[in-house]
Amino acid sequence: MAAADWSSLPCDLVRRIADCFLAANDVDYYMDLRAVCGSWRSATDDPKDSPDDPRFRPRQWVVLDDDVFRREHTRLLVNTHTGRSPRKELPLLGGHRYRHVATTPGGFFVLADYDDYDAARVLNPFTGHMIHFRATVPSDTVDVAAVIGSAPTLVLLCDSDRKRYVAGSDSRSFAVYQEEDAYPLIRLAVAGGMYADGEQRPLPPLPAAVAGEVFHLMRVFSVEPSEMFWSDVVEHVVDDAPAPEIEHANNNRCYLVFRMDDSNRGVLEPVKSIGRHAIFVGCCRCLAVDADKFPSVEANCIYHLVGMNPYGDFYFHDVYKFDLEDGTEEMVAEAISWSDPITRRDADPPFTAVQLLSSYTINVRGSELVIPETCRVDIDQLVEEFFSTEDKEFFAMFPLQLG
């Protein structure tokens, strides 16, 4: 029997398969399909011809092992809608020209170009397309980033001083805004995906009436909205509209779930079920996934981390599952924590989907423009506190190089 000639597939069939990949935002599959043969490339659109086409932009991906001490130029990306988790080789991250600054909700990488005075760059990890900005990346620690509009505009948020940096691709520098009262609301909109949807278009800000309801709920838990992101007392989740919003009081570990009304009338409707979804809540960021797509993840549950701080500097966490249907809570796993530069984790591999998704909520890679000094201080302090004189002399013979 003669081997099948896949290159002879009808063009309309090839396009239909390709469209299925793009509908699921599996852009990597789409690129693999185009690489099969010339006829398949001819039958499909080339992302290089229209890099701003929303079909080719990552919009529902997260980077799970975005570890500050990772030296490899690979990253584990997860499609939160389909459950796919390819490990992607990104050679640009392993070189000396580009420095990692942040990742965006959806899957873009924000980089600083060392050869161009640390000008901002935004990398699409699947197509390889790079958006060039003229503005220099700020040296502050970037906690949240977003790319909006087809122009486009880059937004960087820094929790430490509550600054918002905004620049277009032709801007000579970032415009800087420091809004003490408005920052929590802007932070929620950007980190939750309301600032820019899957097509990277600007969306209206969170309606004032809705914000008022959210802030009222926060005060029920004795948390002042202006204190958000100074501490981890309350975590908020804003996911795909209409999205549930979570309030978490650490003292009581009590969860209430609300769904935002589609009419933007400021109505938050309490719900007892989030269907087949599961929500992961952490002190740095939050995540909602389709539980049917991930092994070991149970639907209609909230996964959160309970931490202890026995050594003063490093936290150790356990993953707990809160069942929205019956209100029960149980510990389900040890968490992966990258806060310790020597042990690098609490749990031992192989890791489950629950552990990896939970790690996303507490582990955020900092900007490489500011992190070398931070890492040096942490390691010196760790050696000083936890190792004997003999151990210190041993480590001195093998200085740790951070890349």
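The values are calculated or read from the model by the stated rules, or taken from the named source; none is laboratory data. Quantities reported herein were computed from a predicted structural model and do not represent experimental measurements. Neighbour counts are summed over all protein chains in view; Cβ atoms, including those assigned to glycine, are modelled from backbone coordinates with ideal geometry.
Looking at ARG121, ARG57, can you tell me which residue is within 22 Å of LEU157 (Cβ to Cβ) and either under 14 Å from the mean Cα position of the chain (by Cα) or touching a residue at least 60 places away in the same chain (Cβ under 8 Å) (or both)? Walk me through how you get there before you give the answer.
Working: ARG121 fails: either under 14 Å from the mean Cα position of the chain (by Cα) or touching a residue at least 60 places away in the same chain (Cβ under 8 Å) (or both).
Just a single option satisfies the conditions, and that option is ARG57.
If we scan the range 69-77, do we find a residue that is more than 19 Å from the chain's Cα centre (by Cα) and buried (at least 16 other Cβ atoms within 10 Å of the Cβ)?
Checked against the condition, which is being more than 19 Å from the chain's Cα centre (by Cα) and buried (at least 16 other Cβ atoms within 10 Å of the Cβ), the range 69-77 yields no hits at all.
Take the conditions more than 21 Å from VAL306 (Cα to Cα), of a type in the set (Ser, Thr, Tyr) and modelled with pLDDT of 60 or more and apply them to SER273. Does it pass?
Values: more than 21 Å from VAL306 (Cα to Cα): yes; of a type in the set (Ser, Thr, Tyr): yes; modelled with pLDDT of 60 or more: yes.
Yes; evaluated as a whole, the condition is true for this residue.
Given (1) within 24 Å of TYR29 (Cα to Cα); (2) touching a strand residue (DSSP E or B) at 6+ places or on another chain (Cβ under 9 Å), identify the lone condition not met by TYR117.
Evaluating TYR117 over (1) within 24 Å of TYR29 (Cα to Cα); (2) touching a strand residue (DSSP E or B) at 6+ places or on another chain (Cβ under 9 Å) leaves (1) as the failure.
Out of (1) modelled with pLDDT under 60; (2) within 17 Å of PHE215 (Cα to Cα); (3) part of a loop (DSSP other than H, G, I, E, B), the odd one out for GLU247 is which?
In the conditions (1) modelled with pLDDT under 60; (2) within 17 Å of PHE215 (Cα to Cα); (3) part of a loop (DSSP other than H, G, I, E, B), GLU247 misses (3) alone.
Being without any contact (Cβ under 8 Å) to a residue 60 or more places away in the chain and out of contact with any Ser or Thr (no Cβ under 7 Å at 6 or more places or on another chain) narrows it down to one residue among SER150, SER160, SER169, SER139; which is it?
Numbers: SER150 fails: without any contact (Cβ under 8 Å) to a residue 60 or more places away in the chain; SER160 fails: out of contact with any Ser or Thr (no Cβ under 7 Å at 6 or more places or on another chain); SER139 fails: without any contact (Cβ under 8 Å) to a residue 60 or more places away in the chain.
Criteria check complete, one pass: SER169.
Please specify each residue of the range 46-62 satisfying the condition of being touching a strand residue (DSSP E or B) at 6+ places or on another chain (Cβ under 7 Å) and more than 21 Å from SER85 (Cβ to Cβ). If you could, list the steps in order and put the result at the bottom.
Pass one, the range 46-62, residues touching a strand residue (DSSP E or B) at 6+ places or on another chain (Cβ under 7 Å): 58-62.
Answer for the range 46-62, where residues must be touching a strand residue (DSSP E or B) at 6+ places or on another chain (Cβ under 7 Å) and more than 21 Å from SER85 (Cβ to Cβ): there is none.
Considering only residues that are modelled with pLDDT under 90 and not in a strand (DSSP E or B), which ones fall in the range 300-324?
Hits for the range 300-324 are ASN309, PRO310, TYR311, GLY312, ASP313, PHE314, TYR315.
When residues of the range 119-139 are filtered for being surrounded by fewer than 20 Cβ atoms within 10 Å (Cβ to Cβ) and over 23 Å from LEU287 (Cα atoms), how many remain?
10
For the range 351-367, enumerate the residues that are within 15 Å of the chain's Cα centre (by Cα) and assigned to a loop (DSSP other than H, G, I, E, B). Walk me through it before giving the result.
Applying the first criterion (within 15 Å of the chain's Cα centre (by Cα)) to the range 351-367 yields 356-367.
Of everything in the range 351-367, those that are within 15 Å of the chain's Cα centre (by Cα) and assigned to a loop (DSSP other than H, G, I, E, B) turn out to be ASN363, VAL364, ARG365, GLY366, SER367.
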